[in-house]
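The values are calculated or read from the model by the stated rules, or taken from the named source; none is laboratory data. All figures in this text were calculated on a predicted structure; none of them were measured in a lab. Cβ: placed from backbone, ideal geometry, glycine included. Neighbour counts: every protein chain shown.
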Amino acid sequence: MSKPPMAKVDESIERPVVEGMRFPLGVYPIDPVQPRAGYKVLFEAADSDDVAQEWEEWPDRYVWDIVVGADRLRPLCASLFMLLPPRVFPIVDILGHDAYREIDPYVAYELVPLDVFVDAVRRYGDFLYEDGLCGFGAMSEDPFFYVLVDEHKVVTVRAEPDMRERVERILAAFDLAEIENPAGADAVAHEHRGVLFAPDDRPEYLTSDEVVEHLKDEWRLTLNIDPESNTDESGKDIGMCPWRCLVRTSPAIDTPWTYADLVLRADCLAHVEELATEELSRHLQDPETIDRETSLVFADRLSEHDLDQLLAELQVDRMDPSATDVAAVYFFRWLP
C-alpha cells in the first residue's frame, strides 16, 4: 500500500538563529536585528456596519501581536487553538503569482469541525509553520475569536474582552510578556522563501501549490475576492485581462482528478470560470460530466507582457494582439 503524499521540509535549508532566537526556515532577517520575543496588546472597538459585508460585525475585542521563536511557535498555537469552539472558519493567505495582487486570501464560509482544522495543521505543519510564503489560522463568531499566523510567523489573536485573561494566561505559560516593541524577522529588511522538498522525481512529496489544494478541499476554502469585479489591490478597475488557470475535473464517477492548463482573457473571476468550463466541455468525451466535479485550482492574472512571454514559451500565436477587450481562450492542454 503506497504512502499518502506528505509535505516535507528541504533539510538542506539552514535555520537562521540571531541572539538565541530561532527564526522560521522561510523568513529571516538580512539586516542586523535585535530580536525580542513578547507581545503588544491593543483594544479595538466594534466595527461599523460597512467594514465587512461577508461577515457579521466584529464586536469589541483585544488584539495581540505575538513574536515567538520558531521552536515555540507550534506549541503556542496548539494552546491558542484550544480556545476555539468546536466549529471554525479556517483561513489561508498565500503569496501567489497574480500580477495585480500580492496575497491570495482564502477563507471558509462554511463552518469546519475544529478537529479537521487541527488535523490538517498537524499534517502540513512543516509547510504552515516554516514556509515564508503562507499564513494560516481560523476564527469563530460565537465566541468571537481569531488567530492568524502570518507569513512572517507573527501570531495575531483577536478575542472578546472576557477572554483576555485566558489568552494572557497562555502567553505567560510560554514566558511571553507585554513589551513595547516585539521584534521578529519583519522588524528589519528580510527575505521570504519556500521551504518544501518536492523534486519532480519524488511525487510522494507535495509542492506548496498541492498543499494549498488539499487545504482548500479539507477546509472548504474560497478565494476571498469579489468574483464579479476585477480590481487591483488599490481598488483600480483592471477590466479585461489575461489569466493563466489550472482547472481540475473528474471525467467519471470515483476517478482521480484530471487537470487542464488554460490561458485565456476575461473580465472577472466568474467569467474565467465560465470560459474554462465551456472549454473543458469541448475537450471531454462526455461533456455532461462537466457539471459534476469541476473547479479552478488557481486563476492568476497576467500582464500583457507576461502573456506575450508565456504564449511564446508555449509556441502559441496570440491571434489579434490588438484585441485586448475581447474574451478569448488562447491555449488549452490536458496535463499528465
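Of all residues in the stretch 120-140, count the ones that are in contact (Cβ under 8 Å) with a residue 40 or more places away in the chain and either outside any strand (DSSP E or B) or over 20 Å from Leu223 (Cα atoms) (or both).
12
Tell me, which residue of the stretch 205-226 that is free of Cβ contacts under 8 Å to residues at least 60 places away in the same chain and not in a helix (DSSP H, G or I) is nearest to Leu95 (Cα to Cα)?
Among them, the one singled out is Thr207.
If you take the residues in the stretch 20-30 that are part of a loop (DSSP other than H, G, I, E, B) and at pLDDT below 95, which one is farthest from Ile179 (Cα to Cα)?
By that ranking, first place goes to Ile30.
Taking the stretch 28-49, which residues are crowded, with 16+ Cβ neighbours inside 10 Å and either more than 30 Å from Glu160 (Cβ to Cβ) or among the small types (Gly, Ala, Ser) (or both)?
Tyr28, Pro29, Val33, Pro35, Ala37, Gly38
Consider Asp200 against the criteria (1) over 30 Å from Asp31 (Cβ atoms); (2) modelled with pLDDT of 95 or more; (3) acidic (Asp, Glu): it satisfies all of them except one. Which criterion is unmet?
Of the numbered conditions (1) over 30 Å from Asp31 (Cβ atoms); (2) modelled with pLDDT of 95 or more; (3) acidic (Asp, Glu), the odd one out for Asp200 is (2).
Out of curiosity, is Leu73 touching a helix residue (DSSP H, G or I) at 6+ places or on another chain (Cβ under 7 Å), of a type in the set (A, V, I, L, M), modelled with pLDDT of 95 or more and part of a helix (DSSP H, G or I)?
Details: touching a helix residue (DSSP H, G or I) at 6+ places or on another chain (Cβ under 7 Å): yes; of a type in the set (A, V, I, L, M): yes; modelled with pLDDT of 95 or more: yes; part of a helix (DSSP H, G or I): yes.
Against the criterion (touching a helix residue (DSSP H, G or I) at 6+ places or on another chain (Cβ under 7 Å), of a type in the set (A, V, I, L, M), modelled with pLDDT of 95 or more and part of a helix (DSSP H, G or I)), Leu73 qualifies.
Suppose the filter is crowded, with 20+ Cβ neighbours inside 10 Å and farther than 18 Å from Ala7 by Cα; does Val155 pass it?
So Val155 passes the test.
Against the definition (closer than 26 Å to Lys40 by Cα and surrounded by fewer than 17 Cβ atoms within 10 Å (Cβ to Cβ)), how does Arg166 come out, yes or no?
For Arg166, the condition - closer than 26 Å to Lys40 by Cα and surrounded by fewer than 17 Cβ atoms within 10 Å (Cβ to Cβ) - is met.
Can you tell which of Tyr106, Tyr100, Tyr62 is crowded, with 16+ Cβ neighbours inside 10 Å and not in a strand (DSSP E or B)?
Numbers: Tyr106 fails: not in a strand (DSSP E or B); Tyr62 fails: not in a strand (DSSP E or B).
None of the other options fit; the residue is Tyr100.
Given the condition over 18 Å from the mean Cα position of the chain (by Cα) and under 30 Å from Gln309 (Cβ atoms), answer yes or no: does some residue in the stretch 203-222 qualify?
Yes, the stretch 203-222 has at least one match.
When both residues are 6+ apart or on different chains and their Cβ atoms are under 6 Å apart, which pairs have a first residue that lies in the stretch 324-336 and is in contact (Cβ under 8 Å) with a residue 12 or more places away in the chain, and a second that is among the aromatic types (Phe, Trp, Tyr) and surrounded by 10 or more Cβ atoms within 10 Å (Cβ to Cβ)?
That search, which allows pairs on different chains as well, returns Leu335/Tyr259.
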